[in-house]
Amino acid sequence: MSLIQIRKKLLSIETVYHERGPVAKVPLKIGVIACVIKNPYAGRYVEDLSGLVKDAREMANEMVIELIDALGGKDKIETYGKGAIVGLDGELEHGAIWHEAGGWAMRAVLTNAKSIVPASKVVAAAGYRLQIPLHHIEACYIRSHFNTIDVGMVDSPRPDELVYTLAMSTGSRVHERLGGLRVEQISVGDGQR
C-alpha cells in the first residue's frame, strides 16, 4: 500500500516577456508543480524513511511528465530545481526524502541532464512561500540560467502534511547579460562545465 495520500496538486506556468528591456523574441516559461500529501511520519520519529522515498519517487515520475508537457516538451527544458515544505509536525529529514525521489525522477526523463538538481527545503506553517533555485540541466556553472521561482499555498502545508515541488524553465533569465560560461561552451560533460 502506498504511503502517498495527495490532498491537492498545483501546476503553475509563469511566462516572462521582458524585464524592462525589449520584449524577448522567445518568452521564458518557468513552471512549478507541487503535491500536498499527508506526512505518514508526522508527530513521531521513524528511523527508516525508505518507504516514503520509494512511493514519493512514483509520484514524482508522474509530476515530471505533467510539468514537462505544460512547458512544451522535454526538448524545451533548460533548467530545473526542486523543493519541499514540511508541516510543523514533521522534521526537515522528511523534506530531504525529496532529494532522491524528485531529483532522480527529473533526470530519468531529461536524459541529457548531468548537473545536480538544486534544492531548498524548510519546516514551516501553511502559507509559507518557498524559493526554489534553478540552474542549467547540463552544467551548473552556466550563470545565465541561475534563477528562482517561488511556490506556496495559503492552506498548505497543514501541520501533518508535506509539499513536494518540482520546477523547470525553458531558458535563461530574460535579458541575461553578465557573462560567464555560455551554453554553447559546455564541453567537459561533468555536470559543472
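List of remarks:
- For Asp89, the accessible surface of its heavy atoms amounts to roughly 80 Å² (probe 1.4 Å, protein chains only, rounded to the nearest 10).
- Whole-percent carbon and sulfur share, accessible surface of the chain, 1.4 Å: 52
- Rg to Rh quotient for the range 1-76, alpha carbon positions, Kirkwood Rh: 1.16
- Distance cut-off 24 Å, percentage of C-alpha pairs in the range 22-131 lying past it: 29
- Isotropically averaged projected area of the chain, using the convex hull of Cα atoms (one quarter of hull area), nm²: 11.1
- Per residue value of the accessible surface for the chain (all protein chains in place, 1.4 Å probe), Å²: 49
- In the chain, the longest principal axis of the Cα atoms and the axis of helix 92-109 are about 50 degrees apart.
The values are calculated or read from the model by the stated rules, or taken from the named source; none is laboratory data. Keep in mind it's a predicted model, so treat the numbers as computed, not measured. The area values use the complete protein model at the heavy-atom level, side chains included, leaving out ligands, DNA and RNA. Shrake-Rupley method; radii C 1.70, N 1.55, O 1.52, S 1.80 Å.
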